[in-house]
Amino acid sequence: MNAAVPAPSGAPQVATSDQIRVMVVDDAVVVRSLLSRWIEETPDLRLVAALRNGREAIEQLDRTRPDVVVLDIEMPELDGISTLPRLLERRRDLIVIMASALTRDHAEVTLKALSLGAADYIPKPTGEGGVMTSVAFQRDLIAKIQALGHRKRSRPPLPPYARRTTYAATRRLGGAVQRAVKWRTADADETVSGQLKLRPFAPVPPRVLLIGSSTGGPQALTKIVSHLDAVTDTAPVLVTQHMPPTFTTILAEHLSRTGARPVREAIDGEPVLAGTIYLAPGGKHMRVARRDGTAMIVLDDGPPVHFCKPAVDPLFASAAEVWGSWNLAVILTGMGTDGTDGAAAIAAAGGSVIAQDEATSVVWGMPGSAVHAGVCSAVLPLDQIAPKVVRMFLGAKP
C-alpha cells in the first residue's frame, strides 16, 4: 500500500497547524508523484497521503485526516465515482476535487460527481507531455486546493438548520445605498455586522438575464435554471461558466433536463432570442453585438481573460453596450475576480447586478469581488436568487 510520498530531498516540509492537509489519489505513478511534489513545494499545503485507488483512500482517511482530496476518476479496485460518496459519508466536511480527462465520458462522470458532493474538478491536460508539461494545470490545481482548503478552515459550512436573516437599515449616499447588514445563524446566537455598499436597482424591469459562474457553478446553475421558466418565456438568458470544451456540452444537456426551456452551447452569428438559454462553449469567449438592429452571438477565440476561456467579463461588458439598462447580471460562486469589470460596465450602463452570498458559495471569490467593488444591488443566498430574478422580470418593484 502506498503511503505519503516523502518530501523532496534538500527541501523538507515542516508541518504547521495552519497548513491544508492534502491527499492525492491516482493510479498513475508519474501523475501521483508529480502532484505530490507540487503540493509539498507549496508552503501552505501539506501532503498527508499519495495513494493509487479509492480503497486505499477510504482505509487511510481516518489516519491521515485530509482537508482536501484530489481524486482521480479511473482507478483499479475502486474508482473515483464509487469512492466519493463513501469518503463524504465518513467525513461530511471533506473537500473533494475530481481529476478528470477531457473526454465526454469523463465529463458526464464529473458532473455526476459534483451532484454527489464533490466541491470542484480539475481537467487533466491531454497531448504530448500532458500533466507533466502543463503550467496551467499546476497553477489551477494548487489554486483550487488553496481556495477550497482555506475556506473550509476559516469558515466551515453552516449546518442544514442554520438560517441567515438580513436586516437592512438603509440610507442613500449619492448614487448608492449604504446598508448595515447582520447575519444570524440558528445554531448559535452569534451576530456579525459589516457594511456593504449596494447600488439601487434599475427603475425598469430587466429584459435580458446574464449569469457568470466558476467553482461550484454547475451545482448552483442546476438549482437556478430549474426555476427560470417564467423568465425564459419572454427573455433570453446567457450563461458563462468556466469550463473546458466537451464539459460545456454535457453541462448544457444536463441543465436542459432541469427546466422547460432548452439550454445549449451558443453558435457564432446566431440571433439572441427569448426562449433559449445560451451557454458559452468551452474554449471560446461569448460576446454579443448588434448587427442590422438584431443582437447576435459572437464567439471569440482570443486569449484567456483572468486565465479563463470562456470568461465572464467579455459577456457582461458586451451586453452592457448592446442592452444597457435592460441587463440583469447574476454572479455566482467562483474563484478569482472574473465578472467584476463586466459588472461595473453593466452598472454604469444602468443595469443591475446580483451576487451570491458568501455562506452559500463554494468559493466567494467572483461574487465577493463584485460586492467589494460596489457594483451590486443585492447579495443573496442561492435559494433566493431565482425567485428575486423572476419577480424583477415580472415587473415587481425591487
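Residue 390 passes every criterion in (1) surrounded by fewer than 18 Cβ atoms within 10 Å (Cβ to Cβ); (2) farther than 16 Å from residue 221 by Cβ apart from (2).
Among all residues of the stretch 346-367, there is at least one that is more than 30 Å from residue 95 (Cα to Cα), touching an Asp or Glu at 6+ places or on another chain (Cβ under 8 Å) and outside the structural domain of residue 118 (by TED's automatic domain parsing).
Within the stretch 358-375, being in a helix (DSSP H, G or I) and more than 21 Å from residue 144 (Cα to Cα) holds for 371, 372. Is it true that residue 345 is more than 17 Å from the chain's Cα centre (by Cα) and farther than 14 Å from residue 207 by Cα? Yes: the conditions hold for residue 345. Among the numbered conditions (1) touching a residue at least 40 places away in the same chain (Cβ under 8 Å); (2) in a helix (DSSP H, G or I); (3) within 25 Å of residue 143 (Cα to Cα), the only one that residue 347 does not meet is (3). Residue 369 meets the conditions (1) at pLDDT below 95; (2) surrounded by 17 or more Cβ atoms within 10 Å (Cβ to Cβ) in every case but one. The failed one is (1). Taken over the stretch 273-302, the residue count meeting the criterion of being without any contact (Cβ under 8 Å) to a residue 40 or more places away in the chain, in a loop (DSSP other than H, G, I, E, B) and surrounded by 13 or more Cβ atoms within 10 Å (Cβ to Cβ) is 4.
Against the definition (closer than 24 Å to residue 322 by Cα, at pLDDT below 95 and in contact with a helix residue (DSSP H, G or I) (Cβ under 8 Å, 6 or more places away or on another chain)), how does residue 208 come out, yes or no? Answer is no for this residue.
With a requirement of 1 or more residues that are modelled with pLDDT of 95 or more and farther than 24 Å from residue 333 by Cα, the strands (runs of 3 or more DSSP E) lying completely within the stretch 36-124 that satisfy it span 45-51. Restricting 235, 220, 252 to those that are of a type in the set (A, V, I, L, M, F, W, C) and either surrounded by fewer than 20 Cβ atoms within 10 Å (Cβ to Cβ) or not in a helix (DSSP H, G or I) (or both) reduces the list to 235. With the condition kept exactly as written, say whether any residue in the stretch 108-120 is farther than 19 Å from residue 363 by Cβ and either surrounded by 20 or more Cβ atoms within 10 Å (Cβ to Cβ) or among the acidic types (Asp, Glu) (or both). For the stretch 108-120, residues farther than 19 Å from residue 363 by Cβ and either surrounded by 20 or more Cβ atoms within 10 Å (Cβ to Cβ) or among the acidic types (Asp, Glu) (or both): present. Every condition in (1) under 23 Å from residue 218 (Cβ atoms); (2) touching a helix residue (DSSP H, G or I) at 6+ places or on another chain (Cβ under 7 Å); (3) assigned to a loop (DSSP other than H, G, I, E, B) holds for residue 313 except the one numbered (3).
The listed residues are 84, 94, and the only one of them that is crowded, with 24+ Cβ neighbours inside 10 Å and of a type in the set (A, V, I, L, M) turns out to be 84.
Using the structure shown, decide if residue 230 is of a type in the set (A, V, I, L, M, F, W, C) and surrounded by fewer than 18 Cβ atoms within 10 Å (Cβ to Cβ). Criteria met by residue 230. Yes or no: residue 381 more than 30 Å from residue 137 (Cα to Cα) and within 16 Å of the chain's Cα centre (by Cα)? Criteria met by residue 381.
The set of residues in the stretch 125-148 that are at pLDDT 95 or above and among the β-branched types (Val, Ile, Thr) comprises 142, 145.
The values are calculated or read from the model by the stated rules, or taken from the named source; none is laboratory data. Since we're looking at a predicted model, the values are computed, not measured. Backbone-built Cβ (ideal geometry, glycine too); neighbour counts: all protein chains shown.
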